[in-house]
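Computed from the coordinates by the stated procedures, all read-outs in this text should not be read as laboratory data. Computed from a predicted model, the values in this text were never measured in an experiment. All Cβ positions, glycine included, derive from the backbone under ideal geometry; neighbour counts span all protein chains shown.
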Amino acid sequence: MDHRKAAADVGVKPAYDLFIHGGWHAAERTIVSIDPTTGETLATLADAGAGDVDRAVTAARAAFDQGSWGRSTPADRKRVLLNYRPA
């Protein structure tokens, strides 16, 4: 069985970064996900370090304080989150 193809068929990408401030960013560290049956790398995953978390929290705070998200009602935010579907 081709495990890489099977992983791709269910949506596993070869690499995952962090989504911060509207864009994808490489993490300070990464974790390699290994297929236990073959020992092959399935994906490289972001492993957020303290600096990554600080950047994300700073961006989130600014977006909340200065953007429309912070001015929206809790009910509106709930609706957006419940309807979110990644591409």
Query raised in the report: Pulled fully out, how much extra length does the chain show between residue 60 and residue 24, if you take 0.36 nm times their separation in residues and subtract their Cα-Cα distance?
Result: 11.5 nm
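Could you list the chymotrypsin sites (Phe, Trp or Tyr not before Pro) in the stretch 40-87 that lie in coil according to DSSP, counting only those with at most 16 other Cβ atoms within 10 Å of their Cβ?
Of the chymotrypsin sites (Phe, Trp or Tyr not before Pro), the ones in loops of the stretch 40-87 whose Cβ has at most 16 other Cβ atoms within 10 Å are 84.
Estimate the FRET efficiency between residue 68 and residue 40 by the formula 1/(1 + (r/R0)^6), using the beta-carbon distance for r and 35 Å for R0, to the nearest 0.05.
Numbers: r = 44 Å, r/R0 = 1.26.
Approximately 0.20, to the nearest 0.05.
When the helices in the chain are scored as -39500 (n - 2.57) per DSSP H run of 4 or longer and the sum is shared across all residues, what 222 nm value do you end up with, to the nearest 500 deg cm²/dmol?
On the way: 4 runs with 38 residues, N = 87.
After summing the helix terms and dividing by the residues of the chain, the value is -12500 deg cm²/dmol.
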Requested in this report: Please build a GNM for the chain, connecting alpha carbons under 10 Å apart, and tell me which residue among 76, 65, 35 fluctuates the most.
Outcome: 76
Report summary line: For the pair residue 47 and residue 81, the simple spin-label estimate (label points 7 Å beyond Cα toward Cβ) gives in nm 2.9
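What is the Rg over Rh value, at two decimals, for the chain, using alpha-carbon atoms and the Kirkwood definition of Rh? Mind showing how you got there, number by number?
Details: Rg = 17.1 Å, Rh = 15.6 Å.
With Rg and the Kirkwood Rh in hand, the quotient comes to 1.10.
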Report summary line: In the chain, taking the dipole from +1 charges on Lys and Arg beta carbons and -1 charges on Asp and Glu beta carbons about the Cα centre, the listed residue (39, 84, 72) farthest towards the positive end is 72
Report task. Report ³J(HN,Hα) in whole Hz for each residue of the stretch 40-55, in order, from the Karplus equation J = 6.51 cos²θ - 1.76 cosθ + 1.60 where θ = phi - 60°; Gly and Pro get x. Result -> 7, 6, 8, 7, 10, 10, 5, 10, 4, x, 4, x, 5, 5, 4, 4
